[in-house]
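The structure is given below, and queries will be raised subsequently.
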Amino acid sequence: MLKIVRFGIVGLAQNATCYGLTLMLIWAGWTAWQAVLVLNPLAVALTFFINRSWSFSGTAKIRGQGWRYAIVYAFAYLYAVVFTWAQETVGVASWLAVIITTATSAIAIYISLRLFVFRDLPEAQPHLS
């Protein structure tokens, strides 16, 4: 349970920061999907190190963990850009499109990270002589 709480804290802090930066870029004339396109890769790189060392501390270190993390977020990134663009295309306000996209992707990202990137360490097996 502690892992999901820590993941939530990191996610909220990261998303609040990105949302604030997104609003500034929208105010500067960008569309929301353009802001997502630029800001998401930066946020993903930063949160990998925080999630690995704090949110999911005590999990197994899997070979290629960084690549697995990048793959999960590559799919999330594609989803975020396309879904935000689609919402704006049908008239959803940019600020709301970003909130909807972030909320809908958070659960899938957490589950994917737990299954493919930050697995629990195997239970110690009793040694029978």
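If you place +1 on the Cβ of every Lys and Arg and -1 on the Cβ of every Asp and Glu, how big does the dipole about the Cα centre of the chain come out, in debye to the nearest 20?
Numbers: 8 positive and 3 negative charges, 84 e Å.
Result for the chain is approximately 400 debye, rounded to the nearest 20.
Something else about it: For the chain, with a Gaussian network of springs between Cα atoms less than 10 Å apart, report the residue from Val90, Val36, Val44 with the top mean-square fluctuation.
Evaluated over the chain, the most mobile residue of the options is Val90.
Which helices, counted as full DSSP H runs in the chain, have an axial Cα extent of no less than 24 Å and a Kyte-Doolittle average of 0.5 or above? Please list the in-between numbers first.
On the way: long enough: 2-27 (37 Å, 1.21); 32-50 (26 Å, 1.84); 65-89 (36 Å, 0.47); 94-112 (27 Å, 1.63).
Helices meeting the span and hydropathy rule in the chain are 2-27, 32-50, 94-112.
Still on this structure: Which listed residue (Thr102, Ile4, Ala74) has the Cα farthest towards the positive end of the charge dipole for the chain, taking +1 on Lys and Arg C-beta and -1 on Asp and Glu C-beta about the Cα centre?
Farthest along the dipole direction, towards plus: Ile4.
Values quoted throughout were computed directly from the atomic coordinates according to the rules given, and no laboratory measurement underlies them. These numbers were taken from a predicted model, which means no experiment stands behind them. Here the Cβ is made from the backbone with ideal geometry for all residues, glycine too, and neighbour counts use every protein chain on show.
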